[in-house]
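See below for the structure under consideration.
The values are calculated or read from the model by the stated rules, or taken from the named source; none is laboratory data. Predicted model only: the values in this text are computed from it and were never measured. As a convention, Cβ positions derive from the backbone with ideal geometry for all residues, glycine included, and neighbour counts pool all protein chains shown.
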Amino acid sequence: MGFSLLRGERTGPRRGSYQTPHGSFETPCFAPVGTLASVKGLLPSQVREAGAELILANTYHLALRPGEEVVRAAGGLHDFMRWDGPILTDSGGFQVFSLEGLRRVDDSGVYFAGSQSGKALFLDPKEALRIQRDLGSDIAMVLDECPPAGAPRKQVQEATRRTLLWAKEAARVHQQWGGLARGQAVFGIVQGGLFADLRRECAEAIRELPFDGIAIGGVSVGEPKPEMYRVVEETVPLLPAERIRYLMGIGDPDDLFEAVLRGIDMFDCVSPTRHGRNNLLYVPEGRIKIRNAIYKKDLRPIQEGCPCPCCRDFSRAYLRHLALAKEILGGILQSLHNLTFLEILMRELRERIQEGWTPTALREWFRLHYPGWGRGFDPQNPESPILGRSR
């Protein structure tokens with residue numbers, strides 16, 4: 001079990017493989033998010049056919065419903081959701097950020113007040129790992145505190161200190177329970193916001209702990225893209241080459257590409273399926289907003305040559321009709337397309353890194369084959385790469 005670096009070094013694009021009790025996934029890789037043990041609207045077989053090898057589920061949400069005891073009684077997440085590949089579970093740390101109004105945090109852990117389930121939940125480093133152990137994921141994440149973008153230094157400093165405090169306790173518990181030999185990897189998380197010295201302090205401490213991989217958290221929480229790239233560029237050289245690197249919550253094609261060039265191995269995000277359900281489709285030229293009138297009689301597929309069922313069997317006109325009629329099928333087909341698009345990008349990057357392409361050659365290839373990406377997406381910006389914009 002664990003990570004094998006097949007090509008590359010400490011920095012720059014890398015090619016690897018990660019072995020788990022439920023098979024391996026090749027890196028760089030993108031993992032779709034199945035928060036509640038389901039990638040929204042998609043069968044596990046469809047997720048696999050789209051090219052995904054790893055999926056992510058969420059500890060906080062599954063602990064609330066149906067409860068880890070239900071999942072454990074079903075034989076663990078793999079049997080419960082009928083996914084036979086690797087599964088990573090987030091610790092609930094992101095909910096410390098996203099559910100600020102429903103939680104209270106101190107050094108002992110996080111208390112979440114009852115939400116839609118009516119069930120309150122307390123997470124500390126040990127409890128977060130215990131729940132993930134009962135869920136039966138292949139990779140568990142430590143509990144961390146993710147500060148919002150633009151948070152003042154004092155707040156970020158406190159979140160970083162607490163993240164390290166919890167990480168040390170999680171590492172102790174992981175070793176006490178048998179470590180990787182028990183069949184579940186545990187990854188540490190580097191926080192520190194946009195402050196280079198706090199990132200360095202956290203990364204240097206996390207790398208000394210016996211974690212099986214290291215994630216960079218606290219990005220894509222509202223900061224500008226150049227700032228996110230800077231954080232990755234400054235943090236990656238501090239991480240051990242032999243351990244897998246995971247950039248949490250990233251899913252735009254340009255962000256995936258830029259992070260791979262900087263030495264990141266794995267990613268997750270809800271964006272491809274969320275955008276699919278909201279009628280925004282990925283193509284090399286940018287994004288297609290399928291509800292726009294320009295597609296009313298467009299009988300072309302979303303993307304010529306794409307192997308997904310959406311492009312193979314249906315036209316833009318039909319997808320626009322489904323979107324306007326609010327038919328569920330539209331969101332399913334569009335989610336499949338967006339996920340396939342990202343998985344093909346990851347596969348193409350793996351192949352070229354394995355062949356020894358330089359970062360310069362990779363950047364030129366990306367510019368030619370994905371010309372609509374690289375400037376970012378801003379719905380308020382008329383120059384943003386979105387096709388079929390209403391004038």
For this session: Within segment 107-128, work out how many residues are within 30 Å of Q19 (Cβ to Cβ) and either out of contact with any strand residue (DSSP E or B) (no Cβ under 6 Å at 6 or more places or on another chain) or among the small types (G, A, S) (or both).
Result: 4
Exercise. Restricting attention to segment 25-35, does a residue exist that is aliphatic (A, V, I, L, M) and within 28 Å of G75 (Cα to Cα)?
Worked result: yes
Exercise. Identify, please: which residue in segment 202-246 is part of a loop (DSSP other than H, G, I, E, B), hydrophobic (A, V, I, L, M, F, W, C) and under 15 Å from P148 (Cα atoms) and is, among those, modelled with the highest pLDDT?
Worked result: V219
Exercise. Is it the case that some residue within segment 142-150 is in contact with a Gly (Cβ under 8 Å, 6 or more places away or on another chain), closer than 22 Å to K40 by Cβ and at pLDDT 90 or above?
Worked result: no
Exercise. Which of the residues spanning segment 70-80 are touching a helix residue (DSSP H, G or I) at 6+ places or on another chain (Cβ under 7 Å) and not β-branched (V, I, T)?
Worked result: R72, A74, G76, L77, F80
Problem set entry | All positions within segment 268-299 that are within 26 Å of F366 (Cα to Cα) and part of a helix (DSSP H, G or I) | S271, P272, T273, R274, H275, G276
Problem set entry | Output for segment 16-51, where each listed residue is of a type in the set (G, A, S) and either touching a helix residue (DSSP H, G or I) at 6+ places or on another chain (Cβ under 6 Å) or outside the structural domain of L256 (by TED's automatic domain parsing) (or both) | A37, G41, A50, G51
Seminar exercise, completed: Of the conditions (1) in contact with a Ser or Thr (Cβ under 9 Å, 6 or more places away or on another chain); (2) in contact (Cβ under 8 Å) with a residue 60 or more places away in the chain; (3) assigned to a helix (DSSP H, G or I), the single one that D255 does not satisfy is (2)
Problem set entry | Of all residues making up segment 47-74, the number that are out of contact with any Ser or Thr (no Cβ under 9 Å at 6 or more places or on another chain) and not in a loop (DSSP other than H, G, I, E, B) | 9
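Suppose the filter is part of a loop (DSSP other than H, G, I, E, B), out of contact with any Cys (no Cβ under 9 Å at 6 or more places or on another chain) and outside the structural domain of V47 (by TED's automatic domain parsing); does C310 pass it? Outline the logic, then answer.
Values: part of a loop (DSSP other than H, G, I, E, B): no; out of contact with any Cys (no Cβ under 9 Å at 6 or more places or on another chain): yes; outside the structural domain of V47 (by TED's automatic domain parsing): yes.
In short, no.
Would it be correct to say that M81 is surrounded by fewer than 20 Cβ atoms within 10 Å (Cβ to Cβ) and more than 24 Å from P309 (Cα to Cα)? Don't jump to the end; show me each part of the working.
Values: surrounded by fewer than 20 Cβ atoms within 10 Å (Cβ to Cβ): yes; more than 24 Å from P309 (Cα to Cα): no.
Spelling it out, it is not the case that M81 is surrounded by fewer than 20 Cβ atoms within 10 Å (Cβ to Cβ) and more than 24 Å from P309 (Cα to Cα).
So that you can scan it fast, the table gives a plain yes or no per residue for (1) farther than 20 Å from T235 by Cβ; (2) at pLDDT 95 or above; (3) outside any loop (DSSP other than H, G, I, E, B):
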| residue | (1), (2), (3) |
| --- | --- |
| V110 | yes, no, yes |
| F122 | yes, no, yes |
| R133 | yes, yes, yes |
| E158 | no, yes, yes |
| E169 | yes, yes, yes |
| V173 | yes, yes, yes |
| A181 | yes, no, yes |
| G188 | no, yes, yes |
| G193 | no, yes, no |
For this session: Scan segment 275-296 and report the pairs whose first residue is among the polar types (S, T, N, Q) and surrounded by fewer than 21 Cβ atoms within 10 Å (Cβ to Cβ) and whose second residue is part of a loop (DSSP other than H, G, I, E, B) and modelled with pLDDT under 95, with Cβ atoms within less than 9 Å and a gap of 6+ or a chain change.
Result: N292/G388; N292/R389; N292/S390
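Name the residues in segment 281-299 that are within 14 Å of H321 (Cα to Cα) and of a type in the set (K, R), would you? Spell out the reasoning first.
Filtering segment 281-299 for residues within 14 Å of H321 (Cα to Cα) gives 289-299.
Answer for segment 281-299, where residues must be within 14 Å of H321 (Cα to Cα) and of a type in the set (K, R): K289, R291, K296, K297.
Which of the residues that make up segment 312-333 are touching a residue at least 60 places away in the same chain (Cβ under 8 Å) and small (G, A, S)? Before you say what the answer is, go through the steps one by one.
Of all residues in segment 312-333, those touching a residue at least 60 places away in the same chain (Cβ under 8 Å) come to 328, 331-332.
G331, the sole residue that qualifies.
Please enumerate the residues belonging to segment 319-339 that are surrounded by fewer than 19 Cβ atoms within 10 Å (Cβ to Cβ) and in a helix (DSSP H, G or I). Even if it seems obvious, please write down each step before you answer.
To start, the set of residues in segment 319-339 that are surrounded by fewer than 19 Cβ atoms within 10 Å (Cβ to Cβ) comprises 321, 324-329.
Those that are surrounded by fewer than 19 Cβ atoms within 10 Å (Cβ to Cβ) and in a helix (DSSP H, G or I): H321, L324, A325, I328, L329.
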